[in-house]
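Shown next, in C-alpha cells, is the structure this report addresses.
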Amino acid sequence: MTAGLALTIRYLAGGRFELSEATPVSAGGLLGIGLATAAGSGVAPLFLGGQVFQSAIIQFWLPVFGDIKFVTSTIFDIGVYIVVVGLVLDVLRSLGAEVDEHIEERGSEPAEYEEPEDMPAETISGGKA
C-alpha cells in the first residue's frame, strides 16, 4: 500500500509523464505477474503432496545475516503486493489520462474568464457599467 501511495504522490506532483518515467513497466504486466505469483504460491503445495495454501518454513544460513527462517506464505504476500501496485498504476494512468489530456489541450495558459451572455454587465460588475 505504501508503494501505491508513493506512486499516487508522484503522479500528483508531476503528472502522467513523470509517472511514466518512474514506472516504465506496464500496469497490465504487473497485474499478471502478481496474480500468477499469488496463484502459483497457493497451488504449488498441491504438486508437493500438500494442501492448497499450505505453507512451509525453510531454514538456512547466510554469511552476513546468519540463521534465516523463510515462510513460503511470504511469496503469496509478494504477489498480492505486486497486484496492488499494478492496480494503482492502472487507475492512475486510466483515470488521470483524461485530466492530463484536457490540460494539454488547453495549454499552459490559465483559463480565461468568460462573462455569461444572458446576464447584464451591471449584475456581473456589481454596479453600473
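Inspect segment 58-77 for any residue being under 25 Å from TYR11 (Cβ atoms) and in contact (Cβ under 8 Å) with a residue 24 or more places away in the chain and give the result as yes or no.
no
In segment 21-56, what count of residues is obtained for those that are touching a Ser or Thr at 6+ places or on another chain (Cβ under 8 Å) and not in a helix (DSSP H, G or I)?
Selection size over segment 21-56: 3.
Does segment 111-121 include one or more residues that are surrounded by 10 or more Cβ atoms within 10 Å (Cβ to Cβ) and modelled with pLDDT of 75 or more?
no
Select from segment 10-19 the residues that are open to solvent by 50 Å² or more (accessible area, probe 1.4 Å) and in contact with a Lys or Arg (Cβ under 8 Å, 6 or more places away or on another chain) and list them in ascending order.
ARG16, GLU18
Can you pull out every residue in segment 25-51 that is open to solvent by 60 Å² or more (accessible area, probe 1.4 Å) and either of a type in the set (Ser, Thr, Tyr) or under 11 Å from SER73 (Cα atoms) (or both)?
Going through segment 25-51, the residues open to solvent by 60 Å² or more (accessible area, probe 1.4 Å) turn out to be 25-26, 33, 35-36, 43, 46-49, 51.
SER26 - this is the single residue of segment 25-51 that is open to solvent by 60 Å² or more (accessible area, probe 1.4 Å) and either of a type in the set (Ser, Thr, Tyr) or under 11 Å from SER73 (Cα atoms) (or both).
Anything in segment 52-76 that is in contact with a helix residue (DSSP H, G or I) (Cβ under 9 Å, 6 or more places away or on another chain) and surrounded by 11 or more Cβ atoms within 10 Å (Cβ to Cβ)? List them, or say none. I'd like the intermediate steps shown before the answer.
First, pick out the residues of segment 52-76 that are in contact with a helix residue (DSSP H, G or I) (Cβ under 9 Å, 6 or more places away or on another chain): 52-56, 72-76.
Those that are in contact with a helix residue (DSSP H, G or I) (Cβ under 9 Å, 6 or more places away or on another chain) and surrounded by 11 or more Cβ atoms within 10 Å (Cβ to Cβ): PHE53, GLN54, SER55, ALA56, THR72, SER73, THR74, ILE75, PHE76.
The values are calculated or read from the model by the stated rules, or taken from the named source; none is laboratory data. Nothing here was measured: the structure is a model prediction, and the numbers come from that model. Using ideal geometry, Cβ is built from the backbone for each residue, glycine included, and neighbour counts are taken over all protein chains shown. Just so you know, the surface numbers come from the protein's heavy atoms only, side chains and all, with ligands and any DNA or RNA stripped out. Shrake-Rupley method; radii C 1.70, N 1.55, O 1.52, S 1.80 Å.
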